[in-house]
Amino acid sequence: MAKLKLTDDWWTAPTESSNHRLIMVTGRRGLQPARDLGFYVYRIEVTWPYEPDAAGLPQLHTSRLMEQVTEAFKADFSRDPVAILTGIYTGDGERNYVFYTRSLHIFQKKLNAILSPFELLPLSFYAEEDPQWAEYDEMCQCEVTEGE
């Protein structure tokens, strides 16, 4: 099988939580080749709660750490696409990373290896089958395009 070629093209747009707090949604474009394969059937959401500032966003030191973790995810999963990072939601006191993966077990091992250089993080995890990428489609509705 040929190496999966995905873009690193991201967009960011504001939206609101259910309690009307700001949420910054960052989504990834160009993932149709991965969807077409039909291998990435599990959605995993990694939630990182944090002490928010007045706007509900992470404070500077936490934001910097989150950026380092995000870059580690992107770098490692681009080399070994066991999972694909498709979206990041930040606001209202938490950051949620959304991945689609082929294997929950392999994802867990890979995630532990990626996070091993970092301090222990207060992460929680949720996984379910989502072979149609319904969450991804819903997230993409937040993207603001030119002319909107």
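Laboratory data are not the source of any read-out in this text; all were calculated from the coordinates shown. Not measured: the values here are computed from a predicted model. Counting neighbours? That spans all protein chains shown, and the Cβs are built from the backbone with ideal geometry, glycine included.
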Positive end of the dipole of the range 23-140, charges at C-beta (+1 Lys, Arg; -1 Asp, Glu), about the Cα centre: which of Val25, Tyr50, Ala83 has its Cα farthest in that direction? Ala83
Determine the gain in length on full extension of the stretch Ala13-Ala75; use 0.36 nm per residue of separation and subtract their C-alpha separation, reporting nm with one decimal. 20.0 nm
Candidate aspartates and glutamates - alpha carbon under 13 Å from Lys110, same-chain residues fewer than 8 apart omitted: Asp76, Asp80
Taking 0.36 nm per residue of separation between Ala54 and Ser116 and subtracting their Cα-Cα distance, the length gained on full extension comes to 19.2 nm
Leaving out same-chain residues fewer than 8 places away, which lysines sit with a Cα under 19 Å from that of Lys5? Lys74
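Does the range 1-145 come out rounded, prolate or oblate by the C-alpha gyration tensor, with a ≥ b ≥ c the root eigenvalues, rounded set by a/c under 1.5 and, if not, prolate when a/b is larger than b/c and oblate if not?
Working: a/c = 1.80, a/b = 1.28, b/c = 1.40.
Note, shape of the range 1-145 comes out oblate.
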